Amino acid sequence: MIKKLLYLLAIVTLVQLSSCSKYQRLLKSTDQAKKLEMAIKYYEKQDYYRALQLFDDVIIVYRGKEQAEKIQYYYAYCYYGQADYIVASYHFKNFAKIYPNSKYAEECLYMSAYCKYLDSPSFTLDQTSTHEALKELQLFINFYPKSQRVAEANKLIDDLRLKLTNKAFEIARLYYKTESYNAAKIAFTNILKDFPETSKREEIMYYIIKSDYNYAKRSIDSKKQERYKSVIEAYNNLISTYPQTKFKKEAEDYYKLALSNIENK
């Protein structure tokens, strides 16, 4: 049994070595047509690493020729297949620029944006890539407003905006936790302006009340009256928007404290 397994292993190893040897010879070959043929075959087998090396060799040779368009198309997808989304995005967008009338132009512009979307990190990290992805997706929609891919592009935009909302919310909460109450109030208020569709609106409005109250409480006497009035205004905004808010009791407590401080002045 062991001898049989060793024999099979030897056969597999020989086949792999032979395959590698053929591939190395192909790389060194000057037969560009054969290289292109094999690049496509490797691509179709999803062996993107080998396909990419061969496409690299022939892409300049076929520049300006009939095959160039399809090579550029495969080239971008090789990077996508290897999850190298930044480079893939660049080549997809480049394809759309070079071949704006191609049947693949719409697909490639979408894929360029989609790769940026895939490169967008968790909301806990820097969101520069997320902003870039939003721009690219909007660019696609502007170029192809009637495309069947618009609905999907809008879903991706919603997903990215949610990520930015979560990032902004965590920053605002951090300001609150570190007792930077005015900065927290401004940050929470900006979320409501920038992301009016947020599902966190009710909680944010409650945080604004808390931030306003704590900011007023720590203010100098000459500023307290004005800032306690902001607490009452924030409370009224919450109650008018969410009459049965889950934060009603806590919000009322802050409202009463603010009112008491105003009346005692």
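Can you tell me which residue is surrounded by the fewest Cβ atoms within 10 Å (Cβ to Cβ) among those in the stretch 144-161 that are of a type in the set (D, E, K, R) and closer than 15 Å to SER112 by Cα?
The qualifying residue surrounded by the fewest Cβ atoms within 10 Å (Cβ to Cβ) is GLU152.
From LYS167, LYS103, which residue is without any contact (Cβ under 8 Å) to a residue 40 or more places away in the chain, among the basic types (Lys, Arg) and not assigned by TED's automatic domain parsing to the domain that holds LYS70?
It is LYS103.
Among the numbered conditions (1) in contact with a helix residue (DSSP H, G or I) (Cβ under 9 Å, 6 or more places away or on another chain); (2) assigned by TED's automatic domain parsing to the domain that holds ARG161, tell me where CYS78 comes up short.
Failed condition: (2).
Taking the stretch 177-236 as the region of interest, how many residues are within 15 Å of ASP253 (Cα to Cα) and among the hydroxyl-bearing types (Ser, Thr, Tyr)?
Number of matching residues: 7.
Kindly indicate which of GLU263, GLU233, GLU203 is closer than 28 Å to ILE157 by Cβ, outside the structural domain of HIS131 (by TED's automatic domain parsing) and not aromatic (Phe, Trp, Tyr).
After applying the criteria, what remains is GLU203.
Need the failing condition index for TYR7 against (1) touching a helix residue (DSSP H, G or I) at 6+ places or on another chain (Cβ under 8 Å); (2) modelled with pLDDT under 85; (3) among the aromatic types (Phe, Trp, Tyr), just the number.
With (1) touching a helix residue (DSSP H, G or I) at 6+ places or on another chain (Cβ under 8 Å); (2) modelled with pLDDT under 85; (3) among the aromatic types (Phe, Trp, Tyr) applied to TYR7, the lone miss is (1).
Which numbered condition in (1) part of a helix (DSSP H, G or I); (2) at pLDDT below 95; (3) not β-branched (Val, Ile, Thr) is the only one that SER219 fails?
Of (1) part of a helix (DSSP H, G or I); (2) at pLDDT below 95; (3) not β-branched (Val, Ile, Thr), only one is false for SER219: (1).
Looking at (1) in a helix (DSSP H, G or I); (2) acidic (Asp, Glu); (3) surrounded by fewer than 15 Cβ atoms within 10 Å (Cβ to Cβ), find the lone condition where GLU197 falls short.
(1)
Specify which of the listed residues (TYR85, TYR74) is more than 21 Å from the chain's Cα centre (by Cα), modelled with pLDDT of 95 or more and either of a type in the set (Ser, Thr, Tyr) or crowded, with 16+ Cβ neighbours inside 10 Å (or both).
None of the others qualify; the one that does is TYR74.
Pairs needed: first member in the stretch 26-38, of a type in the set (Gly, Ala, Ser); second member anywhere, assigned to a helix (DSSP H, G or I); C-beta distance under 7 Å; at least 6 residues apart or different chains.
Final answer for the pair search is SER29/LYS35.
For the list (1) of a type outside the set (Ser, Thr, Tyr); (2) more than 22 Å from TYR117 (Cβ to Cβ); (3) modelled with pLDDT of 90 or more; (4) buried (at least 16 other Cβ atoms within 10 Å of the Cβ), I need the number of the one condition that ASP56 fails.
(4)
Please determine whether any residue of the stretch 223-231 is among the charged types (D, E, K, R), under 16 Å from LEU259 (Cα atoms) and touching a residue at least 40 places away in the same chain (Cβ under 8 Å).
yes
The values are calculated or read from the model by the stated rules, or taken from the named source; none is laboratory data. Everything numeric in this text was worked out from a predicted model, so none of it was measured. All Cβ positions, even for glycine, are placed from backbone atoms using ideal geometry, and neighbour counts span all protein chains on display.
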